[in-house]
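**Q** Okay, handing you the structure first.
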Amino acid sequence: MSEIQLIRAAAAALQHHFGDAPAAAIVLGSGGAPMLERWPTLAAGVLYADLALPATTVSGHSGKLSLVEVSGQPVAVLSGRVHGYEGRGSAEQLRAVRALSAWGVKRIILTSAVGGLRTSLPPGSLVRITDHINLSPNPLMGENLSEVGPRFPDLTGAYDPALGAIFDAAAAACGVQTHCGVYASVSGPSYETPAEVRMLGMMGGDVVGMSLGPEVTGAAHAGLKVVAISIVSNLAAGLATETLTHAEVLEVVGEAVSALAQVIEALLKKW
């Protein structure tokens with residue numbers, strides 16, 4: 001099947017399993033799974049493979065889509081995502097957000113674990129992403145899917161400023177400290193070298209990660225309004241003495257998830 005047919009098939013599978021689309025969706029990144037346990041289930045999780053979506057392979061990404069109730073409204077929650085470093089092409093990385101848009105979702109909250117490029121962003125910090133620097137191939141290269149979005153999308157407002165302001169107000173109401181920053185998007189899977197970390201900081205990056213850049217580009221291209229929140233799991237190489245591990249990422253993010261979930265709940269009350 002062509003890519004547009006695969007997107008349509010995934011959207012049809014979502015409609016079949018969950019009915020009409022909720023207005024909002026959430027993607028849980030590494031370590032974010034405990035958030036799902038807070039919210040009442042409206043429809044049990046379905047494996048991505050059964051929704052015509054690429055299956056996940058990374059620890060902490062269970063690869064299920066569930067329908068839950070958050071602050072009195074239905075929300076589609078995706079437990080994990082696929083990454084380029086798994087050997088996935090751009091089409092596979094973007095298929096989930098494109099299928100959500102085709103299903104009828106309008107707004108999406110993307111969460112992720114990141115490395116901090118500033119010592120002022122210690123592990124456990126919540127950072128609302130306001131922009132990104134993409135250091136990987138643009139995921140929209142190749143044939144444009146005109147049914148999804150324009151050939152030359154404007155990414156100026158990819159991180160929706162109005163929704164971002166609502167998030168900031170929700171965090172303040174919850175008494176949760178958050179930061180704003182620029183996401184340096186790299187391919188991975190190796191963590192960055194100390195020299196690369198210095199370079200990314202000089203380029204204007206505040207945090208670094210391996211997922212949000214392509215996903216936000218694809219979501220914006222498909223017309224979704226995006227709020228992206230990252231949890232700093234560690235200081236990047238050269239800024240801390242500890243050896244970086246994925247297990248550490250999951251542990252630190254797990255400790256910060258409760259605060260992020262509170263803010264998301266308050267955010268959805270205001271949408």
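**Q** Any idea how many residues of the stretch 30-54 are at pLDDT 90 or above and in a loop (DSSP other than H, G, I, E, B)?
**A** Qualifying residue count, the stretch 30-54: 5.
**Q** So, in the stretch 124-148, how many residues would count as being part of a loop (DSSP other than H, G, I, E, B) and crowded, with 20+ Cβ neighbours inside 10 Å?
**A** Result for the stretch 124-148: 4.
**Q** If V58 satisfies all but one of (1) assigned to a strand (DSSP E or B); (2) closer than 20 Å to L260 by Cβ, what's the number of the condition it fails?
**A** (1)
Condition check ((1) among the small types (G, A, S); (2) modelled with pLDDT of 95 or more; (3) assigned to a helix (DSSP H, G or I); (4) on the phi > 0 side of the Ramachandran plot) across all residues:
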residue: A184; (1), (2), (3), (4): yes, yes, no, no
residue: P189; (1), (2), (3), (4): no, no, no, no
residue: E192; (1), (2), (3), (4): no, no, no, no
residue: G204; (1), (2), (3), (4): yes, yes, no, yes
residue: E215; (1), (2), (3), (4): no, yes, yes, no
residue: G223; (1), (2), (3), (4): yes, yes, no, yes
residue: V226; (1), (2), (3), (4): no, yes, no, no
residue: I229; (1), (2), (3), (4): no, yes, no, no
residue: A237; (1), (2), (3), (4): yes, no, no, no
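**Q** State which residue is nearest to L212 (Cα to Cα) when the search covers only the stretch 163-197 and only residues that are free of Cβ contacts under 8 Å to residues at least 60 places away in the same chain and hydrophobic (A, V, I, L, M, F, W, C).
**A** This residue is V186.
**Q** When the stretch 67-105 is examined, which residues are found to be surrounded by fewer than 19 Cβ atoms within 10 Å (Cβ to Cβ), part of a loop (DSSP other than H, G, I, E, B) and touching a residue at least 60 places away in the same chain (Cβ under 8 Å)?
**A** S71, G72, G104
**Q** With the condition kept exactly as written, say whether any residue in the stretch 42-54 is touching a residue at least 12 places away in the same chain (Cβ under 8 Å), within 18 Å of G209 (Cα to Cα), in contact with a Ser or Thr (Cβ under 9 Å, 6 or more places away or on another chain) and not aromatic (F, W, Y).
**A** no
The values are calculated or read from the model by the stated rules, or taken from the named source; none is laboratory data. Only a predicted model underlies this, so the values are computations on that prediction, with no experimental measurement involved. Here the Cβ is made from the backbone with ideal geometry for all residues, glycine too, and neighbour counts use every protein chain on show.
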